[in-house]
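Working notes, structure below.
Taken together, the values in this text are just the output of simple stated rules run on the coordinates, not laboratory data. These numbers come from a predicted model, not from an experiment.
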Amino acid sequence: MWMHCLLIRQLSCFQKGQDYMYEVRPDRRTIDLSVNSLSGKVSMELFRLVQVQTLNLSHNHFTGTIPKTIGGMKNMESLDLSNNKFCGEIPRSIFNASSYIANPELCGTPLKNYTTEEENPKTAKPYTENEDDDSAKESLYLGMGVGFAVGFWGIFGSLFLITKWRHAYYRFIDRVGDKLYVTSIVKLNNFDRLWSG
């Protein structure tokens, strides 16, 4: 899906031939287009909406540079452009580095002086929702099924196909059964003698 800003009052999003409209009223305080798989360049018009207090475009596939007009958004309290594919230098702004996390091509003021790799937004791991969980479950179930089939047919298939092994298995089962029977009878007789006498 990619995003294209037609007017300052309306965003038009296209996905597989279908149009989705997102109305941007001049008095709108919050714009949240996060986690929508949007891609392409973000229109400069979006960053000229001076009344916006919260702008969240995170977890999409936006590209291009972040416009310098973002510094002119005087009412902006929260900005999240993380987990996209923005590039270039970050314009001067009042936002912290977490606003730009997981945009490896970005550079500039808030991304400097990090002591650990986990703190650095350039090297932080992007958000992947539940993709890993689903594939791990599928792999687990597939592995369990294959393991059961191989184990079952490895033992019982060989007993079924190889006559010598089958006869040896039956003799072993007979011996174990006989031994259990004799042991249980002896124990019962000993127990019976203790109680009776």
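A few comments on the model shown:
- Contact order relative to length of region 27-111, as percent, for alpha carbon pairs under 8 angstrom and 6 or more apart: 26 percent
- Derived scalar couplings ³J(HN,Hα) [region 54-67; Karplus, 6.51 cos²θ - 1.76 cosθ + 1.60; whole Hz; x for Gly, Pro]: 10, 10, 10, 10, 6, 6, 10, 10, 5, 10, x, 9, 8, x
- With eigenvalues of the C-alpha gyration tensor scaled by 5 and rooted, region 27-111, Å: 18, 15, 11
- Near residue 64, the amide H atoms lying under 5 Å from its own belong to 87; only residues 5 or more places off or on other chains count, and H is placed 1.01 Å from N.
- Residues with amide H under 5 Å from that of residue 107, placed H, sequence gap 5 or more: 88, 89, 90
- Zero-based 5 Å bins, Cα pair distances in region 133-196, whole percents: 3, 14, 10, 11, 10, 9, 10, 9, 9, 7, 4, 2, 1, 0
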